[in-house]
Amino acid sequence: MEIIKTILTEWEERNFPDILARDLDISKYVSLKLNKILVLNGFRRVGKTYILLGEIRELLKKYSKKEVVYLNFEDERIPLKREFLSNLIPEIIRVNGEVPKFLFLDEIQNFPGWSKWLRRVYDLYPKIRFFVTGSSSKMSMSQIPTELRGRYLLNRVFPLSFSEFLKFKGFNEEINENKLINLFESYLVSGGLPEIVLTEKENNLEIVKSYYSSVVNRDLIETYAIRNKESMKAILNLLLDSTSYSYNKLYNSLKSLQYEIGKNTLSEYINFIEDSFFMFSIPIFSYKIKNRIQYPKKNYFIDNVFLSKISSNFSNNYGRLYENLVAINLLKGEDEFFYWKNEKNEEVDFVIKKGVKIRELIQVCYDLRDEETLNREVRALLKASKDLKCKKLIILNRDREEVLKKEWFGIKRDIEFIPLWKWCLKRGGFRK
């Protein structure tokens, strides 16, 4: 096939830009004795390709480009036909004269029959190390195709952590606190998508708009062959402007705006949005599954820049940016997390559950200078602490750092106040 030959020729001639290291190091998978397919998944533009190219660059210090082969399946010249995949490796061998040692397959998930093909060539060519990326939850732990089970290792890629953001901005660990706080304010609003971080601020809006357009048109409308395009766009707008949703409320809002959509279709569309990694939802904490399903869910987005630049309801709502950033950091971990709410509508933002145990309760509040606000946040934490029998209580905020000892209805608790920028640095492994 001529297109494969052309792509391989271009690959031979390709030069690499300087690549900044991410915290996710995939080099360890190269030397594993047990050969597994390494899968990188996550939202588009979070840097999956960047991570692949960083590893390729290191491999090319030892191997040739005939031994290390990279293909981007979003290349518009590649026909979305099974025949292309069937002929791919035999054609690579014919053109290069040898079996590649490493094969990097970028954004393969929308190719027809990709998983069965990958299973077949993985078994047929046991000496090839396969590295695969995808921007869909079709490659998530819960939805990876059956034929690949037991044959892959999965790593989810996220936007830059605050620690990575500092590295990308050229700062080392010798930064004074005032500078760190100023950089965090920038990170909070502009987010951690690598291209945006490395681009001049005045160009950011156009880049964010193009990313959002790709989500709407490519990852949703095209991928899922959505006919009711305007309803999908309206759902996205409503979700971006909301901090929580229920299907009934969303359905009624769409109906009042004259959008024709059924409840089943609405549910399906929200699943598609989450499958694209653009948004994720957390349920209320309850031991009853019925309550988790019936109560509204809180919704968060993969990067703060979509809230600050795309949401029409943002208006310098730093409290929402704080909470969204905490949710992203929690999503990177292995623990389950929920929100808590009682019959008086008192709420705790995050309930962290490890196994059967409630490990910690986290309240997020940008500004605690108002006494009424402080008392409200503390009171909700104490009530949730009693209800859930959890002693580790944290309030993430802008600048307050102390441990507050409180006694409430005979219960003594320590509440730890932590500036969010410090919490983010600690989770990213950055030492000041």
In whole Hz, what ³J(HN,Hα) sequence does the range 221-236 give by Karplus (6.51, -1.76, 1.60; θ = phi - 60°), x for Gly and Pro?
4, 6, 4, 9, 6, 6, 8, 7, 5, 5, 5, 4, 5, 5, 4, 4
Burial ranking of peptide ranges 323-331, 388-396 (average Cβ count within 10 Å, highest at the top):
323-331, 388-396
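Do any of K179/K426; K62/K116; K233/K263; K229/K290 go past 20 Å between their Cα atoms, and which? Don't skip to the end; give the middle numbers.
Values: K179/K426 17 Å; K62/K116 31 Å; K233/K263 16 Å; K229/K290 32 Å.
Distance filter (> 20 Å) returns K62/K116; K229/K290.
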The set of residues whose placed amide H lies less than 5 Å from the amide H of V157, leaving out same-chain residues fewer than 5 positions away, is N41, G42
The helix 48-59 Cα axis meets the longest alpha-carbon principal axis of the chain at an angle in degrees, between 0 and 90 and rounded to 10, of 50
Cα long-axis angle, helix 114-124 against the chain (0 to 90 degrees, to the nearest 10):
60
Along the principal axes of its C-alpha atoms, what lengths does the chain span, in descending order and rounded to whole Å?
77, 56, 46
As I understand it, the value is the acute angle between the Cα axis of helix 204-214 and the longest principal axis of the Cα atoms of the chain; what does it come to in degrees, rounded to 10?
70
Portion, in percent, of the accessible area of the range 338-432 that falls on carbon or sulfur, probe 1.4 Å
45
Rounded to the nearest 500 deg cm²/dmol, what is the calculated helix-only ellipticity per residue at 222 nm for the chain, with -39500 (n - 2.57) per DSSP H run of length n ≥ 4?
-12000 deg cm²/dmol
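Using mean Cβ contacts within 10 Å as the protection proxy, how do 363-376, 99-112, 40-53 order, highest first? Mind dumping the intermediate values first?
On the way: 363-376: 15.1, 99-112: 19.1, 40-53: 22.3.
In decreasing order of mean packing, 363-376, 99-112, 40-53 become 40-53, 99-112, 363-376.
Once you have the alpha carbon radius of gyration of the range 122-277, what is it after dividing by 2.2 N^0.38 Å, with N set to its residue count? Let's see the in-between values first.
Numbers: Rg = 20.1 Å, N = 156, 2.2 N^0.38 = 15.0 Å.
Dividing the Cα Rg of the range 122-277 by 2.2 N^0.38 Å gives 1.34.
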Does the range 104-166 classify as rounded, prolate or oblate by the C-alpha gyration tensor (a ≥ b ≥ c root eigenvalues; a/c under 1.5 gives rounded; else a/b over b/c gives prolate, otherwise oblate)?
prolate
Where a ≥ b ≥ c are the square roots of the eigenvalues of the C-alpha gyration tensor, would you call the range 248-319 rounded, which needs a/c under 1.5, or, failing that, prolate if a/b is larger than b/c, or oblate?
oblate
According to the square roots a ≥ b ≥ c of the eigenvalues of the Cα gyration tensor, what is the shape class of the range 1-127, taking rounded for a/c under 1.5, prolate for a/b larger than b/c otherwise, and oblate for the remainder?
rounded
Based on Cβ point charges of +1 for Lys and Arg and -1 for Asp and Glu, what charge dipole magnitude is obtained for the range 189-270 about its Cα centre, in debye rounded to the nearest 20?
380
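The values are calculated or read from the model by the stated rules, or taken from the named source; none is laboratory data. Every value quoted in this text rests on a predicted model; they were computed, and no experiment measured them. Cβ sites come from the backbone with ideal geometry, for glycine too, and all protein chains shown count toward neighbours. Accessible surface areas use protein heavy atoms only, side chains included; no ligands, DNA or RNA. Shrake-Rupley method; radii C 1.70, N 1.55, O 1.52, S 1.80 Å.
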